Amino acid sequence: MLRLTASITSSNIIVPQLRQFHASAVCCKLQSGRYKITPKRDRPLTYEMANPPYYIAHRKSWNSWDTTSLLDGQRAAETSVEDVFIRRFMTGTWHDLFCSEIIIKRQHNLIRIAGILRQGIPSRKMYFLIGYSEELLANWLQCPVKLELQTVENKEATVFKHI
């Protein structure tokens, strides 16, 4: 619908203005969660990254397992904030060692955190960091926390394909 309006300038002259509604065509472009192919096809992707988002629950799994999204689920906001805190704490504590996504599983009162680590530190330091992370997270979140970590020699061991 077009409407003719007028505006008054500083010299008190009425200038007509034409207002229009602009719309662009609908773009059915699905881009989120997909990775752009490089010219040399040298970008490594893990299995989680290689599958697009619509394969969640078919070929890949959720990164956070809890019951807050069910009908009458409680503490949805708190659980999301805690998950972000756990992921940031783990990536900061285990700096540059995670080769995969951090998976958080909540069962009753227990929080299980899973992931794949690179063997970049001595085993003694790794055991210390496991106890340190479990103890601090258990005190902050007021529930038991269990780390389920697996190690690989290098990050290339988790590469599924190159694009």
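The values are calculated or read from the model by the stated rules, or taken from the named source; none is laboratory data. As the structure is a computational prediction, the values presented were derived from the model and not from experiment. Quick note on the areas: whole protein, heavy atoms, side chains included, nothing else; ligands and nucleic acids left out. Shrake-Rupley method; radii C 1.70, N 1.55, O 1.52, S 1.80 Å.
Leu117's amide H: which non-local residues (gap 5+, or another chain) put their own amide H closer than 5 Å, with H modeled 1.01 Å from N in plane and none for Pro or chain starts?
Under 5 Å from the amide H of Leu117: Cys99, Gln150, Thr151, Val152.
If Met90, Met49, Met126 are ordered by their accessible area, calculated over protein heavy atoms with a 1.4 Å probe, which sequence runs from highest to lowest?
If we order Met90, Met49, Met126 from most to least accessible, we get Met49, Met126, Met90.
For the range 40-137, list log₁₀ I(q)/I(0) at each q in 0.15, 0.16, 0.20 Å⁻¹, using the Debye formula over Cα point scatterers of equal strength and ignoring solvent, two decimals each.
-0.75, -0.84, -1.15
In sequence order, what are the phi-derived ³J(HN,Hα) couplings for the range 120-127 according to the Karplus relation 6.51 cos²θ - 1.76 cosθ + 1.60 with θ = phi - 60°, rounded to whole Hz, with x for glycine and proline?
x, 10, x, 4, 4, 5, 5, 5
Greater than 20 Å separation of Cα atoms is the criterion. Which listed pairs, Lys125/Lys161; Lys125/Lys146; Lys40/Lys161, meet it?
Among Lys125/Lys161; Lys125/Lys146; Lys40/Lys161, the Cα-Cα distance tops 20 Å for Lys125/Lys161.
What's the carbon and sulfur percent of the range 44-163's accessible surface, probe 1.4 angstrom, rounded to a whole number?
Of the solvent-accessible surface of the range 44-163, carbon and sulfur hold 54 percent.
Using amide H atoms built 1.01 Å from N in the peptide plane, name the residues 5+ places from Ser64, or on other chains, whose amide H lies under 5 Å from its own.
It is Ile104, by chain and number.
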